[in-house]
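Novice: Pasting a structure below so you can have a look.
The values are calculated or read from the model by the stated rules, or taken from the named source; none is laboratory data. Please read all numbers here as calculations on a predicted model, not as lab measurements. All Cβ positions, even for glycine, are placed from backbone atoms using ideal geometry, and neighbour counts span all protein chains on display.
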Amino acid sequence: MSRQEKIELVMVATRRRETPLRPGWTLIEVLVAVAVVAILIALTLPAIQRAREASNRAHCGNHLKNLALAAHHCHDATGALPPYSTGQPGTSIFGGWWIHLLPYVGESAFHDELMNASNDTDSGRGTMSSIVVTQERFRSRRFAQLICASDPTLGSVFFSNGTSNYLANWYVFGDITRGCYSPAQKLKHVENGVSNTVLFAEGYSTCNQLAREALIACGTHNFGITWNNKPSDDPSYLPENYLLFQVMPPVAGEGCCNSLRAQTPHSSMPAAFADGSVQFIDANISLAAWTKLMKPR
């Protein structure tokens, strides 16, 4: 090795000794860093959740508005609102109000498929068939227009794709005297004024293990009418009254979702009125005031 090479090796070794080694993180420093990150996440997460809920609230309210507009289109085309539910002998198909709104929400092809399946099936009672809408190919159909992303029960039943977060007010869509299968009603029957009458509101898609199926109204939606085919405020239920909605009820446990009522996952109940507007109803509204908004006569 030459003298010059020896000098260079000595200089390199000297520089290495003079360069201080970077110390590693101590355990305490790591824990402090983790704690700081956790605090930042804790501070940020509520803001993200609030932003997501605000978006969902607007989106779900828009669905209600579209349902109200579809009901008006149906009224313009047929001279009446969609019936709350059909299924009596001689009717064209068994099912709820959503079936009759399908042509007015961009689902004409699916509506025709249902109608053809019903007409092709011999039920022994005219053209009505109660088995068509319960077939897996129909009941599992997903309707994005009927889903509110804030609902904590979404996907909790095996056919949840066919459930609905939106309920029709039976007091408007029915004639009050003939239960679920009332004839289709006209807007002229809304005597209290279209801006003072609720058409649609929200509900959990599954409540007390009861799925609110999109294609069937009677016995599953329970908004103004109960399983027993009685009004929600029928005197026979006293001292109970199932008309008033629930706000953010838990899925299970004390005070949980009551399948005889409407409920909302938001801090107030979004409702579509008969004039096509959507309003958020305060959770503290009185039963008397809500009853007036529910009953058109």
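Novice: Can you spot a residue in region 219-232 that is in contact with a Cys (Cβ under 6 Å, 6 or more places away or on another chain) and crowded, with 16+ Cβ neighbours inside 10 Å?
Specialist: no
Novice: Please go through region 234-250 and pick out each residue that is surrounded by 12 or more Cβ atoms within 10 Å (Cβ to Cβ), within 23 Å of Glu213 (Cα to Cα) and not β-branched (Val, Ile, Thr).
Specialist: Tyr242, Leu243, Leu244, Phe245, Gln246, Met248, Pro249
Novice: Let me ask something additional. Which one is modelled with the lowest pLDDT, of the residues in region 109-126 that are closer than 18 Å to Ala184 by Cβ and aliphatic (A, V, I, L, M)?
Specialist: Once the filter is applied, the top-ranked residue is Met115.
Novice: What tally of residues in region 187-221 results from selecting those that are assigned to a loop (DSSP other than H, G, I, E, B), at pLDDT below 95 and over 21 Å from Gly155 (Cβ atoms)?
Specialist: Within region 187-221, residues that are assigned to a loop (DSSP other than H, G, I, E, B), at pLDDT below 95 and over 21 Å from Gly155 (Cβ atoms) number 7.
Novice: On to the next question. Could you identify the single residue in Gly106, Gly24, Gly61 that is more than 21 Å from Gly203 (Cβ to Cβ) and modelled with pLDDT of 90 or more?
Specialist: Result of the check over Gly106, Gly24, Gly61: Gly106.
Novice: Answer with yes or no whether Thr197 is crowded, with 22+ Cβ neighbours inside 10 Å and hydroxyl-bearing (Ser, Thr, Tyr).
Specialist: Yes.
Novice: Additional query: Those residues that are at pLDDT 80 or above and farther than 18 Å from Pro270 by Cα, I need them from region 39-58; list them, please.
Specialist: Scanning region 39-58 gives a single hit, Ile39.
Novice: Another question, if that's okay. Say whether the condition of being within 17 Å of Arg297 (Cβ to Cβ), in contact with a Phe, Trp or Tyr (Cβ under 8 Å, 6 or more places away or on another chain) and of a type in the set (Ser, Thr, Tyr) is met by at least one residue in region 159-177.
Specialist: no
Novice: Additional query: Here is a list: Ala201, Ala211. Which entry is under 16 Å from the mean Cα position of the chain (by Cα) and either closer than 16 Å to Lys292 by Cβ or acidic (Asp, Glu) (or both)?
Specialist: Exactly one residue qualifies, and that residue is Ala201.
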